[in-house]
Amino acid sequence: ETGVTQSPTHLIKTRGQQVTLRCSSQSGHNTVSWYQQALGQGPQFIFQYYREEENGRGNFPPRFSGLQFPNYSSELNVNALELDDSALYLCASTSLAGGPNEQFFGPGTRLTVL
Amino acid sequence: SQQGEEDPQALSIQEGENATMNCSYKTSINNLQWYRQNSGRGLVHLILIRSNEREKHSGRLRVTLDTSKKSSSLLITASRAADTASYFCATVHSGTYKYIFGTGTRLKVLA
């Protein structure tokens, strides 16, 4: 167990809907990253938040947005869901003290878009 | 797009044998990390090697890094059935904090 939790575990939505996924970071970590992992692929970096500010973004459209809260928990919001958004969504927390370090992953949220 | 490419894509070995998987990447890195993933669950960090290191050990794991060839290898010695999982390398670009994962190697260890 890493101490990183995600909710919900599974989610089914229909095309065009909006979804919010949640993540609680490991204690002491001020940085959270979100990833999308399609079946049989490696995780794709969506974005990273450091001290409540976006600190880097991958090749994802603006309908993917996020928030980090003062307690370092985080949300991933996806608007106007598309079928291709079906994937495992992973969050990972880390501390950037001394440079990029190991990440601690949550168990993921499996999103299915019908 | 993925930064790293793992090779092979899939590997099947007998328990007790060694497993070697390789990772290649494209741009200068700060460090390279290896992760394990069981059955579509969250990833578990295995080992981190910095760009100024060439080799690192952790238990039955040995990682090498060749920055001139932009490649790394992960060796698992005396494999066990419990090592069956997907293994990913992740690189952190120099000057950024973006973690970019490769495509993964699916390892199956047969008892």
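The values are calculated or read from the model by the stated rules, or taken from the named source; none is laboratory data. Source: prediction; values computed, not measured. Note that each Cβ is placed from the backbone with ideal geometry, even for glycine, and that neighbours are counted across all protein chains shown. Calculation scope for accessible area: heavy atoms of the full protein, side chains included, ligands and nucleic acids excluded. Shrake-Rupley method; radii C 1.70, N 1.55, O 1.52, S 1.80 Å.
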Only Cα pairs under 8 Å and at least 6 apart count here; give the relative contact order of chain B as a rounded whole percent. 39
I'd like the antiparallel share, as a percent to the nearest 5, of DSSP beta bridges with both residues in the range B:11-111. 90
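For chain A, calculate the relative contact order in percent as a whole number, restricting contacts to Cα pairs under 8 Å that are 6 or more residues apart. Walk me through the intermediate numbers first.
Details: 290 pairs, mean separation 42.3, N = 114.
It comes to 37 percent, rounded to a whole number.
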Which trypsin sites (Lys or Arg not before Pro) does the range A:18-114 hold that lie in a coil by DSSP with at most 15 other beta carbons within 10 Å? A:ARG51, A:ARG63
Contour minus Cα-Cα distance for B:THR27 and B:HIS57 (0.36 nm per residue): 8.4 nm
Mind checking the range A:21-79 for GluC sites (Glu not before Pro) that DSSP puts in a loop (not H, G, I, E or B) and that have at most 14 other Cβ atoms within 10 Å? A:GLU52
Label-point separation (nm) for A:LYS13 and B:LYS69, each offset 7 Å from Cα along Cα-to-Cβ? 4.4
The range B:1-99: which GluC sites (Glu not before Pro) are DSSP loop and have at most 15 other beta-carbon atoms within 10 angstrom? B:GLU15, B:GLU17, B:GLU53
Under the Karplus curve 6.51 cos²θ - 1.76 cosθ + 1.60, θ = phi - 60°, whole-Hz ³J(HN,Hα) for the range B:32-43, x wherever Gly or Pro sits: 10, 10, 10, 10, 10, 9, 9, 6, x, 9, x, 7
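How much of the pair distance distribution for chain A lies past 21 Å, counting alpha-carbon pairs only, in percent? Before the final figure, lay out each step's value.
Working: 1926 of 6441 pairs.
When all Cα pairs of chain A are counted, 30 percent exceed 21 Å.
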Carbon + sulfur, % of accessible area of the range A:8-75 - ligands and nucleic acids excluded, 1.4 Å: 47
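Please compute the average number of Cβ atoms from other chains found within 10 Å of each residue's Cβ in peptide B:27-40. Mind showing how you got there, number by number?
Values: counts 0, 0, 1, 2, 4, 0, 4, 0, 6, 0, 7, 0, 0, 7.
Neighbouring Cβ atoms belonging to other protein chains average 2 per residue here.
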Selection from B:CYS23, B:TYR97, B:THR77 lying farthest towards where the dipole of chain B points positive, charges on Cβ: B:TYR97
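Would you work out the charge dipole size for chain A about its Cα centre, treating the Cβ of every Lys and Arg as +1 and the Cβ of every Asp and Glu as -1, and quote it to the nearest 20 debye?
On the way: 7 positive and 9 negative charges, 45 e Å.
Dipole magnitude for chain A comes out near 220 debye.
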Can you give the accessible area per residue of chain A, in Å², using a 1.4 Å probe? 46
Interface A-B: total buried accessible area (1.4 Å probe, Å², nearest 100) of 2000
Which net charge results when you count Lys and Arg as +1 and Asp and Glu as -1 among the other residues whose beta-carbon is under 12 Å from that of B:GLY59? +3
Would you jot down the residues in the range B:89-111 that end up with at least 50 Å² less accessible area in the complete protein assembly than in the chain alone, with a 1.4 Å probe? B:TYR97, B:LYS98, B:TYR99, B:PHE101
